[in-house]
Amino acid sequence: MDKVATLASELHSREMTLHMGPSHPAMHGTIRIFLELDGETVVRSDVNIGYLHRAFEKMCENRTYHQAIIYTDRLNYVSPLINNFGYAMAVEKMFGVEVPERCKYIRVIMSEICRVTDHLTNVGATAMELGAFTAFLYMLKAREWLWQLIEAASGGRGVTPSYVRIGGVKDDLPEGFQGRTLEALRKVREVVREVHGLLTKNRIFVDRTKGVGVITSEEAISYGFTGPCLRSTGVGYDVRKAQPYMVYDRMDFEVPVGTKGDNYDRYLCRMEEMEQSMRIIEQALVALPAGPVKVADNRITFPTKQEVYSNMESLIHHFKLLMYDHGIRPPKGEVYQAVEGANGELGFYLVSDGTDRPYRLRCRGPCFYIMSGLSRMINGGMIADIVPTFGSMNMIGGECDR
């Protein structure tokens with residue numbers, strides 16, 4: 001034994017430097033983490049978010065207000081309609097325009113459908129990264145039912161629905177939408193219950209997530225966390241409650257919060273948030289009033305596609321609103337409009353100089369702030385816990401890119 005102890009004391013060890021990403025399949029093609037390891041323990045780390053070279057803000061500053069809508073889709077491409085509505089509300093705020101009541105309810109319904117699809121994707125993908133492939137397949141199956149609803153309403157799917165219009169929405173909800181939505185929600189609830197049965201008390205899943213990737217509420221606030229990542233620490237901040245917009249102040253729903261700020265609490269928060277979103281959708285469908293879905297102001301809103309295809313005046317009207325030097329011209333000023341995105345507070349800051357293009361447009365993407373805390377959350381942990389911790393944060397490259 002003395003010989004072994006002597007030999008061990010003479011052994012020389014040193015920390016190892018390792019680069020994880022950007023080619024690592026879990027790093028989304030842009031993220032690189034510089035790791036200093038002591039065996040399999042992360043001693044220090046430095047997170048580099050990389051570049052997508054999308055230049056969202058500068059692209060919008062060189063497009064008319066209407067043309068910028070297609071770029072908002074690509075911010076968080078897992079729940080694109082929330083991005084659409086947040087941007088449109090900022091422009092409407094600058095004009096001092098209030099959309100019709102039916103439009104407000106439709107926007108709430110579509111936003112919450114997108115929130116559920118986003119959480120389904122995140123929970124499923126995070127489970128898959130821990131080896132729970134069945135949960136991933138179940139969640140993607142449920143997501144498809146909701147994307148069919150989005151496609152029926154907007155005519156598009158994936159990252160390009162572009163359903164919003166400044167002053168309203170593209171079209172009214174299709175016939176039979178309420179019944180289809182209620183049926184889809186019933187099936188989604190069944191899937192969520194099945195995944196609860198697969199994961200919530202699963203010994204392996206619990207051991208791999210509880211007490212892992214911990215961050216305190218004070219640290220989360222200092223980094224600028226919002227959304228499920230902040231609420232998992234016990235802070236119940238939600239833009240829909242703190243600064244109600246559209247008709248969220250008329251909806252009865254709760255804001256789930258955790259206590260530990262670990263991967264397990266972030267999972268539970270998202271699972272409960274899906275139920276709360278489905279509650280909101282059901283309430284909004286019941287209370288959905290009749291009426292127009294866009295403001296009756298031809299200086300701001302487009303004519304319908306049917307009118308554009310069959311009427312020359314409508315075609316000219318559409319062209320002049322969309323193209324350079326003819327688009328809508330809000331008064332000079334600046335506004336900030338925030339909405340509750342799937343990852344937290346999604347804000348748009350707009351400055352108008354009175355022309356047909358924004359003088360400045362800045363986006364507060366929640367992922368950018370959440371990523372600033374990743375290094376703190378993985379330091380001191382195991383290298384095997386980096387991927388599930390990163391996955392629990394739901395980093396979306398388009399929203400994080402600067």
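Under the condition of being crowded, with 22+ Cβ neighbours inside 10 Å and not in a helix (DSSP H, G or I), the residues counted in the stretch 374-394 number 2. Which members of the stretch 136-162 meet the condition of being among the small types (Gly, Ala, Ser) and exposed (fewer than 15 other Cβ atoms within 10 Å of the Cβ)? Correct list: GLY158 only. From the list ARG240, ARG203, ARG165, ARG208, the lone residue that is farther than 30 Å from ARG107 by Cβ, in the same structural domain as GLU275 (by TED's automatic domain parsing), of a type in the set (D, E, K, R) and crowded, with 18+ Cβ neighbours inside 10 Å is ARG208.
When you check GLY344 against the structure, is it surrounded by fewer than 17 Cβ atoms within 10 Å (Cβ to Cβ), within 30 Å of CYS367 (Cβ to Cβ) and of a type outside the set (Lys, Arg), yes or no? When the stated conditions are applied, GLY344 does not pass them. Taken over the stretch 317-351, residues that are within 28 Å of the chain's Cα centre (by Cα), under 15 Å from ARG299 (Cβ atoms) and small (Gly, Ala, Ser) amount to 0. Just to be sure I understand, how many residues within the stretch 76-99 are β-branched (Val, Ile, Thr) and outside any loop (DSSP other than H, G, I, E, B)? Matching residues across the stretch 76-99 total 2.
Screening the stretch 191-266 for helices (runs of 4 or more DSSP H) wholly inside it with 1 or more residues that are farther than 23 Å from GLY86 by Cβ returns the ranges 203-209, 217-223.
Quick check on this structure: which one of ARG157, ARG240, ARG193 is under 22 Å from MET128 (Cα atoms) and not aliphatic (A, V, I, L, M)? Exactly one of ARG157, ARG240, ARG193 is under 22 Å from MET128 (Cα atoms) and not aliphatic (A, V, I, L, M), namely ARG193.
The values are calculated or read from the model by the stated rules, or taken from the named source; none is laboratory data. If you're wondering where the values come from, they're calculated on a predicted model, not measured in any experiment. Counting neighbours? That spans all protein chains shown, and the Cβs are built from the backbone with ideal geometry, glycine included.
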